[in-house]
Amino acid sequence: MSEQVLLIGGGGREHALAWKLSQSPQVSKIFVAPGNAGTASGISKVSNVALDVKDFEMVAKWCMDNAVTFVVVGPEDPLAAGIADHLAKHAAVPVFGPSGQAAQIEADKSFSKHFMVRHNIPTARFETFKDPDQACKYIREADHKALVVKASGLAAGKGVVVAASAEEACQAVKTMMTEKAFGAAGDTVVVEELLEGPEVSILAFSDGKNVCLMPPSQDHKRLLDNDEGPNTGGMGAICPYPGLTQSQLDRIKTDIIEKTVHGMAQEGARYIGVLYAGLMLTTDGPKVLEYNCRFGDPETQSVLSLLRSDLMSTLKACVSGNLPQAPPTFDVDKSAAGVVLVSGGYPGAYKKGLEISGISSVQELEGLQVFHAGTNVTEGGTVVTSGGRVLGVVAVESSLAKAIERATAAAAKIQFEGSFYRSDIGKKTCTSTPRLGQQCPDSAGERDPPGGLRYADAGVDISEGDLLVQAIKPLAKATRRAGCDADLGGFGGLFDLRAAGHPTCRLACKTSGVGHKIKFAARRGHHYNLGLGLVAQCANALLASAAEPLFFLDYFATGKLEVHVAEEVVRGMADGCLEAGCALIGGETAEMPGMYGAKDYDLAGMAVGAFPSSLSLDASVASTARCPLAAGDAVLAVTSSGLQHDDFELLEGVLTAGRVGLDRLQGLNGGSSLAEEVLSPPTIFVKSVLPLLRSGLVKQFHPVSGSIAECLALLGSPGLGVKVDAKAWAVGPVFGWMAEIAGLTAGQMFSACSCGLAAILVVDRQHASSILKRLSKILTDRVEVIGQIVTAAGDGDRVVIDNAEEALDACKLKARQEASFNFDILPRVSLERPITPATSMDLSHILLSASRRGASVGGAGTLATFDIGALGLSEPVLVSGTDGVGTKLKIAQGLCENSTVGIDLVAMCVNDLLATGADPLYFTSYLAASSQDLACLPDVVRGVAAGCLQAGCAFVEQQVSGLPSLYSKDVYDLGGFAVGVVEKSCILPKLSKIRPGDVLIGLPSSGIHSNGYSLVRRVVEVNNLRFDMPSPFNPNVTLGHDLLTPTEIYVKTVLPTLQSGKVKGFAHITGGGLVENIPRVLPPGVDVELDASTWRMNPVFGWLQHLGNISNFEMSRTFNCGLGAVIVVDPQDEPQVLRLLSEAGARATTVGRVVAGKGSKSNVIVSKLGEALASCWSRPPLPQRKKRVGVLISGSGTNLQALIDHTQDKAGMSAAEIALVISNVPKVMGLARAEKAGIKTQVISHKKFKSRAEFDAAVHACLVEHDI
């Protein structure tokens, strides 16, 4: 239906609504009454109408006469007067806006306050008065700051006074009630408690039952910068407000917005429209300041600038009561900032009819939108002022800071006599720290020092990580199963084996990445697919041992965390876990600027499964011993039209060599594009195959990850081989396409690719038919009998693939028929070389060097396992954790010192396990690099083995992935996974026993450990230092060597004490520093006080603070500040615990105590931190700095670019800084290269000098001038 819309109102809000509604294909015409200069012309479908909106009968008649099909009401006055009721009754037209009764939520402040009390909605304490003397008496005698005075009726957004004193509040009462500043609206006043904290606006669509929140925004009410001056209708707004986590928004939705809508319905006033809640974010949680019954102004302009979906669809869904059918969607990657220009004298008297200039110059710029409010158009077409708030300029950018900068700059381009705007809209929000509920060490109100560095300045945004955690918690929670509730947020994920029915069992595990698929899928937005595929890769592998998947962990590393991307990846993993029947128990998200591109990421995971200890592991397959293979057994295969894990390596080579874009190629198997076909989600076989394995009906199962020949080779037993017919299944045309371009033979293709198979099964031939039918009913993919087990003929091939050439030729033919380009013009490609046999043997030897009783190492065709039953535990609970090393790797790689980062990797994982009291059992590692033949690979893996030896756990699996499209040469990343065990009765922390008076014992760190290195590197960069310079605090080694000091592993020194029963809690000080990790082991209602003078502060922390000008708070939430871990004990057990730790070799001291908290959230207060940091490092006269050098060029500067790249490497390895580039030829490319890199340039042409000596003298003078 084509909608003709009447939009009532004439301000900036209505201009924004008209602008957004005009974009709807459902809307043919929008009439704005009365409108403004912005809606008079310039927007397709929009025009103004002269209509007295106070005359409801006239409005109803006009709607019928002009075939209006939908009405949207902007301002509050007509809503409160009942326009929605009148039009619905007399014009039979749907109206978006609440009824007159429902609009009292804004129109009557007294009603709204008592409504909140009735429905237990958090708000400030208040009283309502009709007598000014009684109001002033309350102001002076209340036991709280009763300093907020509100006119109960409508006062155009100006009827609120936030007084600085009781005298000022009483004056506001007099102004409203006696002097009648707001007319009848001030006959009744509400006096409220003054709440403290950031203010935020929450706008929500409501259909009377369901609600959908818009992104939170923040208005700026005060007239002047720094929130000074009188209140206004709003001087600007930002969206989204960054200070709210997803959990806080969820709480606001349930405790405030939904309660309000449901409460209105209970009182007979079904609320349809937009509900606006102005909130104060107090230390006790969000509280309602006020309600509005309509879109806020100026918030609407910023909020709607981020709306992606069809606004008309959502408005109609609200009116029809079907909001869930058309929920709004917003651009979560962008931020909007709006700046309002007002008339001189506003909010008092002001001139009208002033000519406005500069609007068009702003409007034509991309990402900027000008919204008219108090404007008119003269008969001559000139735009003039007609109100106090005249215009709003909104900028949409990738970051809030950029949006604020652009909006403010754009506002300056618009001119009219007396114009004024605030220059600080949103800036306080961008720079404010800390967030709600945190305490700054030394001073609760500490601000960052001028020019001081923060973690965010190094490209790591902790708040984004917090948002992600809140977003994915419900995803993980949905995967809970017997033995695990899948709660995120602790130091380790817990899994109760007895509750899951596996008190004595063998564990099997599989670690994997997503391989070359990462680039194809991520670039095309298939983030969900990657997460699902990773779970499939790991869970399916467990079936080779007939293991039931129990839980899964992931490692996600990126250059710049994009919450919506990571959330989609985790959503895919969560759905994969649901399909596999395992819990998503934990993960690590690492933001690593400089290691990855801003939009690049890598992904790895580990699945852990269980099978009965009674099953043998002969040939690594649990079911083999019970059902041995025999000649004649049938080989079944599950086919797939897509590519498997390793197939993407060949695909990448084909596309690179052929210079072919995957998205430009049409599908070869009926799909719309080849990209969609090859990226089809993989199948998870757990529910379909595991029962058959456990029953013995399926003797062996192997998922196909890549080479079908290698997979078939796993099927054999002594004296047996396997023979299959390649014509028994349809090899997908995509494989023929790749073989044709790559020039590969059938033998090479079957040795390199899956060739259309997803899994292989071996069954007794008498059961083959029934199993084929059973699987065909369950699986969407085809299942075929493709061959049989045969008697091996002497030294002949154990794997025979008949008709391979014919099968490949057939799929090549189909590929040629379906392809949209000429195969013959494309060059051939070569496959990347996998790990060499020598390297492979070396890695296997390294793994075996770190063993533990009960563990077996995984390798090609085998799974790593651990016999839990051998431990003799009565109620074993598995504890798992995952972590990485972060950008500490950049320093190691730059200095070619890679032997200790493996220790860091193990430490970061096993120390987390200690927080639950668990004994680390085994460890697996994932390493990704540009090549599997990374030169330093053995050194790195030896470091992992050394860490495992220190932790007393087995090193059971090392996965290596070569991804040249993701990693530069000699660059690698590391992710680790640890599994430990603890008796259920011994799990830490003992939250119910931790109370005020308990003592905190600190364990010293060995240095920075492995968190905060992006900020460390930033400090080195801004101070122009080098990692190979002598260390400022240890001159016998380089700075880089000192910074690479391995993370302390506390297992052997601390675990006996944790098992003594004297410990209530253990916190590993990892990412988030002191203030975010210690609260993780505390119950609600208690805080911790630390005394920084009680432990030895490593000088590196004082050095970092001094050179980076870093605040105490930023230090304490980024670094461990000398404490690697803390233990919570009862004061009477303090001496014994200190003695036990000393006997185990730990250097422990008492560092603080538990105290009563001031709220539900636990805080950490660190006293004397500033003094400890300042005194721990003796400052040398000057640090060694890079040499300033000049470069002389005469042409394109090709070699210059190499020098620039080296000297500007963020790792800081260069001894020189290029400060000047001199060319004797103007306008050459070399000068452009230098200027792009931010290097000063100079042209000194030799043609202007009579002799070489004069030329050289000029060059020398220029070098001296620039301090070269």
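The values are calculated or read from the model by the stated rules, or taken from the named source; none is laboratory data. No experiment lies behind these values; they were computed from the predicted model shown. All Cβ positions, glycine included, derive from the backbone under ideal geometry; neighbour counts span all protein chains shown.
Within the stretch 1220-1248, residues that are under 21 Å from residue 1267 (Cα atoms) and touching a residue at least 12 places away in the same chain (Cβ under 8 Å) have Cβ atoms under 6 Å from residues that are part of a strand (DSSP E or B) and among the basic types (Lys, Arg) in these pairs: 1220/1240, counting only partners at least 6 apart in sequence or on another chain. Scan the stretch 1062-1074 and tell me whether some residue there is farther than 27 Å from residue 987 by Cα, among the small types (Gly, Ala, Ser), within 31 Å of the chain's Cα centre (by Cα) and surrounded by 21 or more Cβ atoms within 10 Å (Cβ to Cβ). Scanning the stretch 1062-1074 turns up no residue that is farther than 27 Å from residue 987 by Cα, among the small types (Gly, Ala, Ser), within 31 Å of the chain's Cα centre (by Cα) and surrounded by 21 or more Cβ atoms within 10 Å (Cβ to Cβ). The set of residues in the stretch 1256-1268 being free of Cβ contacts under 8 Å to residues at least 12 places away in the same chain and more than 49 Å from the chain's Cα centre (by Cα) consists of 1256, 1257, 1260, 1261. Listed by position, the strands (runs of 3 or more DSSP E) enclosed by the stretch 341-432 that each have at least 2 residues that are closer than 30 Å to residue 462 by Cβ are 389-397. How many of the residues in the stretch 209-229 are buried (at least 21 other Cβ atoms within 10 Å of the Cβ) and in a loop (DSSP other than H, G, I, E, B)? Going through the stretch 209-229 one residue at a time, the tally reaches 4.
Here's a check for you: in the stretch 891-906, which residue that is farther than 24 Å from residue 538 by Cα and among the hydrophobic types (A, V, I, L, M, F, W, C) is surrounded by the fewest Cβ atoms within 10 Å (Cβ to Cβ)? Ranking the candidates gives 896 first. Of the strands (runs of 3 or more DSSP E) contained entirely in the stretch 81-165, those carrying at least 2 residues that are within 16 Å of residue 278 (Cα to Cα) and within 44 Å of the chain's Cα centre (by Cα) fall at 148-151, 160-162. Restrict the check to the stretch 278-296 and report whether at least one residue is under 15 Å from residue 72 (Cβ atoms) and of a type in the set (D, E, K, R). Yes, some residue in the stretch 278-296 is under 15 Å from residue 72 (Cβ atoms) and of a type in the set (D, E, K, R). Do we have residue 653 as part of a loop (DSSP other than H, G, I, E, B) and either of a type in the set (D, E, K, R) or at pLDDT below 85 (or both) here? So residue 653 does not fit the description; no. Within the stretch 19-46, which residues are on the phi > 0 side of the Ramachandran plot and of a type in the set (Lys, Arg)? 45 - this is the single residue of the stretch 19-46 that is on the phi > 0 side of the Ramachandran plot and of a type in the set (Lys, Arg). Of all residues being touching a residue at least 60 places away in the same chain (Cβ under 8 Å) and within 14 Å of residue 601 (Cα to Cα) in the stretch 535-558, which is nearest to the chain's Cα centre (by Cα)? Just the residue, please. Selected residue: 557. Inside the stretch 718-745, residues that are surrounded by fewer than 21 Cβ atoms within 10 Å (Cβ to Cβ), over 26 Å from residue 542 (Cα atoms) and at pLDDT 90 or above make up a count of 3. Applying the set (1) assigned to a strand (DSSP E or B); (2) closer than 20 Å to residue 287 by Cβ to residue 196 leaves exactly one unmet item: (1). Among the residues making up the stretch 200-251, those that are among the charged types (D, E, K, R) and either under 30 Å from residue 343 (Cβ atoms) or under 18 Å from the mean Cα position of the chain (by Cα) (or both) are 219, 221, 222, 225, 227, 228, 250.
Scan the stretch 681-717 for residues that are within 15 Å of residue 547 (Cβ to Cβ), modelled with pLDDT of 90 or more and basic (Lys, Arg) and the total you get is 1.
Any residue that is out of contact with any strand residue (DSSP E or B) (no Cβ under 9 Å at 6 or more places or on another chain), touching a residue at least 60 places away in the same chain (Cβ under 8 Å), part of a helix (DSSP H, G or I) and within 25 Å of residue 1038 (Cα to Cα) - is there at least one of those in the stretch 930-939? Yes; the residues of the stretch 930-939 include at least one that is out of contact with any strand residue (DSSP E or B) (no Cβ under 9 Å at 6 or more places or on another chain), touching a residue at least 60 places away in the same chain (Cβ under 8 Å), part of a helix (DSSP H, G or I) and within 25 Å of residue 1038 (Cα to Cα). Take the conditions over 17 Å from residue 576 (Cα atoms), surrounded by fewer than 24 Cβ atoms within 10 Å (Cβ to Cβ) and either out of contact with any Lys or Arg (no Cβ under 8 Å at 6 or more places or on another chain) or among the aliphatic types (A, V, I, L, M) (or both) and apply them to residue 499. Does it pass? Yes; evaluated as a whole, the condition is true for this residue.
Screening the stretch 1191-1215 for residues that are part of a strand (DSSP E or B) and crowded, with 20+ Cβ neighbours inside 10 Å and picking the one that is modelled with the lowest pLDDT gives 1193. For residues in the stretch 102-126 being of a type in the set (S, T, N, Q) and either surrounded by 20 or more Cβ atoms within 10 Å (Cβ to Cβ) or not assigned by TED's automatic domain parsing to the domain that holds residue 149 (or both), which is farthest from residue 293 (Cα to Cα)? Result: 123.
So is residue 1178 under 30 Å from residue 1214 (Cα atoms) and either at pLDDT 95 or above or assigned by TED's automatic domain parsing to the domain that holds residue 1087 (or both) or not? Yes, satisfied. For the stretch 331-340, a residue qualifies if it is under 30 Å from residue 561 (Cα atoms) and either outside any loop (DSSP other than H, G, I, E, B) or of a type in the set (Asp, Glu) (or both), and the qualifying residues are 331, 333, 335, 336, 337, 338, 339. Taking the listed residues 341, 281, 289, the one that is hydrophobic (A, V, I, L, M, F, W, C) and at pLDDT 95 or above is 341, with no other qualifying. Counting only residues that are assigned to a helix (DSSP H, G or I) and within 19 Å of residue 1198 (Cβ to Cβ), the stretch 1216-1268 holds 8 of them. I'd like the residue in the stretch 245-302 that is in a loop (DSSP other than H, G, I, E, B) and either touching a Phe, Trp or Tyr at 6+ places or on another chain (Cβ under 6 Å) or of a type in the set (Val, Ile, Thr) (or both) and, out of all such residues, is surrounded by the most Cβ atoms within 10 Å (Cβ to Cβ). Per the criteria, the residue is 296. Against the criterion of being in contact with a strand residue (DSSP E or B) (Cβ under 9 Å, 6 or more places away or on another chain) and either part of a helix (DSSP H, G or I) or not assigned by TED's automatic domain parsing to the domain that holds residue 807 (or both), residue 768 qualifies. Has the stretch 1219-1231 got any residue that is over 29 Å from residue 595 (Cα atoms) and surrounded by 20 or more Cβ atoms within 10 Å (Cβ to Cβ)? Yes: the stretch 1219-1231 contains one or more residues that are over 29 Å from residue 595 (Cα atoms) and surrounded by 20 or more Cβ atoms within 10 Å (Cβ to Cβ). Residues of the stretch 539-557 that are touching an Asp or Glu at 6+ places or on another chain (Cβ under 6 Å) and among the hydroxyl-bearing types (Ser, Thr, Tyr): 555 alone.
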